[in-house]
């Protein structure tokens, strides 16, 4: 991957081109080594589908989600107002992001601060691309493989999106195996509410171990995630049970890119 | 009018007056909270109330408890039609005044009897679940002491009321069989006729049976009036508050956190000096006490009145806690305890107001009951709000209390302070500057 395959909105605007959608990369997607792979997989999908997208690049900054959830409303609003100014400055109408936390904040919390956009989670976006026939992926390496999906709280319970990620997985001809606690009853990975950035409070067990144990219990080949934080938590959990050789934790975007050899 | 009628009228009057007074006290306590206007999307609100409170849609997510609860719920709603007749009979000294309805009356009394039996059995099973099987959510430590007794007392009272109702009918039915003058043949008694058989009522003298019938009649109605007045002191208040509480449900996406408009004003003036900072809101007069506007919640005055209604609506079933990832992994946090602590604190504040005529600071707050450790264990996953059968929102209280800790007391977890610094300085929660933000595109 090189810079040319990832245009920034500043460059595009300078060329007089309006992107079809803004890809909000998010901090995890930009800086976390594991999440960067998800970002790249999603970019490969966007390019394969010939989506005219752009990123904010260095003008992107944290949505403020962890600050707000950790009680720092000032910091949240400083971030949010700055982002709204940038997004409105470019006349952004439509945003896609691979992070359910960014998704929730941009979609639900920015309107109160003057930023109203159509915001999509990348699983919704990929699902739409597939339905429109803009990308064609046939099962390939995942045909018949047992895949289980861990619902991110901020996508599922938070925003009532349970089907888009599942529809994408079914298009991979995979055998979708549901966890006992799924959809509305999905168990958190343990990272939400700014927990990602702190040690867990004292307890008998880590939340991600509890969840990973449940996921490993259905004997999947792949645990599919739709959130960079869930991905980290579950990857750590699978390692805790020494199962990283047999069970892979993959984002939906990575599975699609891999299946379609994009 | 006989002496019994006069005693009856006085009893009903006194009980109604007491109940009204207590409900007004609960209402006053709820309104100690911050003002919040909740009246958007009324159509949707009525639909949520109908589905969730009236239709018990979230109860049946757990089929066994849900089914049993619906029997008790339907039993109490429907059997209370009987109370109407009891009140008329009590005032005028009549007996089964509504029996002129004939076949329909038989149907009513017959269905009351089956429901009464159903309630009796369901409550007995509930007692077993709590005290014999000891389901985890019924023995967790926040229920130690009064809450556990409260739960058992409610179940035992319901069983006693249903027993009195069925024994009363059993005696009545036996007397009807004998053609007693006062006990005209009316109603169908599918359950109590069997009860009469079990207790061999046919062997009793009519005088004894009349005594049993009268004692049970009085016990039943006095029991109901006493129970009514017990509600405002008990978790059982949910039978009333479930309805308004679901009407005022959060309709926004579960993970959306409300904006603090005052902060918006301050941030805007920090960024652009030409914008004047917002004026401090004038202190709010609550129960004769000036409450200054603060960031987040230190005490119940700083929470929305809806959070306080949530607290009074909680029946401590613990479904929230049994789904909470923090609680499941041994952390101190229990969403149910958050609600119980909030209610206990409002009650505590209410008692001071009752005693002194106005609120005087007692040196305590919500934070006296709810520790920082509990607050920092929440992942905001909303499993609790999803699980709650009456749409209570513990996350909102947790968030408001976190806001107070951070913005008023500068109390947080060290790692979160680093995260704040990173966001502030680098625009990311980690120590990577904006110059690194595009590094992923290379290679």
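The values are calculated or read from the model by the stated rules, or taken from the named source; none is laboratory data. In this text the structure is predicted, and so the values were computed from the model without any measurement. Neighbour counts are summed over all protein chains in view; Cβ atoms, including those assigned to glycine, are modelled from backbone coordinates with ideal geometry.
Quick notes on this one:
- Of all residues in the range A:221-243, those satisfying the criterion of being touching a strand residue (DSSP E or B) at 6+ places or on another chain (Cβ under 8 Å) and either farther than 11 Å from residue A:150 by Cα or without any contact (Cβ under 8 Å) to a residue 40 or more places away in the chain (or both) are A:221, A:228, A:235, A:238.
- Pairs with Cβ under 6 Å, 6+ apart, first in the range A:21-43 and without any contact (Cβ under 8 Å) to a residue 24 or more places away in the chain, second assigned to a helix (DSSP H, G or I): A:36/B:440
- In the set (1) farther than 30 Å from residue A:153 by Cα; (2) more than 21 Å from the chain's Cα centre (by Cα); (3) surrounded by 14 or more Cβ atoms within 10 Å (Cβ to Cβ), the condition left unmet by residue B:264 is number (1).
- Subset tally (residues that are facing chain B (nearest Cβ under 8 Å), part of a helix (DSSP H, G or I) and modelled with pLDDT under 95) for the range A:1-57: 2
- Options B:135, B:127, B:108, B:54: the member that is outside the structural domain of residue B:12 (by TED's automatic domain parsing) and in contact with a helix residue (DSSP H, G or I) (Cβ under 8 Å, 6 or more places away or on another chain): B:54
- Residue match in the range B:229-251 (condition: outside any helix (DSSP H, G or I) and within 14 Å of chain A (Cβ to nearest Cβ)): yes
- Counting only residues that are outside any helix (DSSP H, G or I) and farther than 30 Å from residue B:48 by Cα, the range B:389-443 holds 15 of them.
- The one condition from (1) assigned to a helix (DSSP H, G or I); (2) modelled with pLDDT of 95 or more; (3) surrounded by fewer than 12 Cβ atoms within 10 Å (Cβ to Cβ) that residue B:37 does not meet is (1).
- Filtering the range A:203-229 to residues that are at the interface with chain B (Cβ under 7 Å from one of its Cβ atoms) and more than 21 Å from the chain's Cα centre (by Cα) leaves A:203, A:204, A:205, A:206, A:210.
- Flag if residue B:407 is modelled with pLDDT of 95 or more and within 26 Å of residue A:159 (Cβ to Cβ): no
- Candidates B:189, B:227, B:199: the one that is closer than 30 Å to residue B:24 by Cβ and out of contact with any strand residue (DSSP E or B) (no Cβ under 7 Å at 6 or more places or on another chain) is B:227.
- Filter result for the condition that a residue is facing another protein chain (nearest Cβ under 7 Å), more than 18 Å from residue A:199 (Cβ to Cβ) and touching a helix residue (DSSP H, G or I) at 6+ places or on another chain (Cβ under 9 Å), over B:430, B:440: B:440
- Of everything listed in (1) free of Cβ contacts under 8 Å to residues at least 60 places away in the same chain; (2) out of contact with any helix residue (DSSP H, G or I) (no Cβ under 9 Å at 6 or more places or on another chain); (3) more than 9 Å from chain B (Cβ to nearest Cβ), the single unmet condition for residue A:107 is (3).
- Single condition residue A:192 does not satisfy, out of (1) buried (at least 24 other Cβ atoms within 10 Å of the Cβ); (2) touching a helix residue (DSSP H, G or I) at 6+ places or on another chain (Cβ under 6 Å); (3) assigned to a loop (DSSP other than H, G, I, E, B): (2)
- The range A:62-85 - residue that is surrounded by fewer than 22 Cβ atoms within 10 Å (Cβ to Cβ) and touching a residue at least 24 places away in the same chain (Cβ under 8 Å) and, of those, nearest to the other protein chains (Cβ to nearest Cβ): A:81
Residues are listed down the side, and each one gets a yes or a no for (1) farther than 20 Å from residue B:98 by Cα; (2) in contact with a helix residue (DSSP H, G or I) (Cβ under 9 Å, 6 or more places away or on another chain); (3) assigned by TED's automatic domain parsing to the domain that holds residue B:118:
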site	(1), (2), (3)
B:168	no, yes, yes
B:172	no, yes, yes
B:183	no, yes, yes
B:187	no, yes, yes
B:207	yes, no, yes
B:213	no, yes, yes
B:225	yes, yes, yes
B:231	yes, yes, yes
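- Filter pass, residue B:361 being at pLDDT below 95 and under 27 Å from residue B:284 (Cβ atoms): yes
- Residue A:205 vs. criteria within 17 Å of residue B:322 (Cα to Cα) and crowded, with 16+ Cβ neighbours inside 10 Å: no
- Test: residue in the range B:353-368 that is surrounded by fewer than 22 Cβ atoms within 10 Å (Cβ to Cβ), touching a helix residue (DSSP H, G or I) at 6+ places or on another chain (Cβ under 8 Å) and within 27 Å of residue A:186 (Cβ to Cβ): no
- The range B:259-277: number of residues that are within 14 Å of chain A (Cβ to nearest Cβ), in a loop (DSSP other than H, G, I, E, B), free of Cβ contacts under 8 Å to residues at least 12 places away in the same chain and in contact with a helix residue (DSSP H, G or I) (Cβ under 8 Å, 6 or more places away or on another chain): 2
- Taken together, B:390, B:406, B:423 contain a single residue that is at the interface with chain A (Cβ under 8 Å from one of its Cβ atoms) and within 37 Å of the chain's Cα centre (by Cα), which is B:406.
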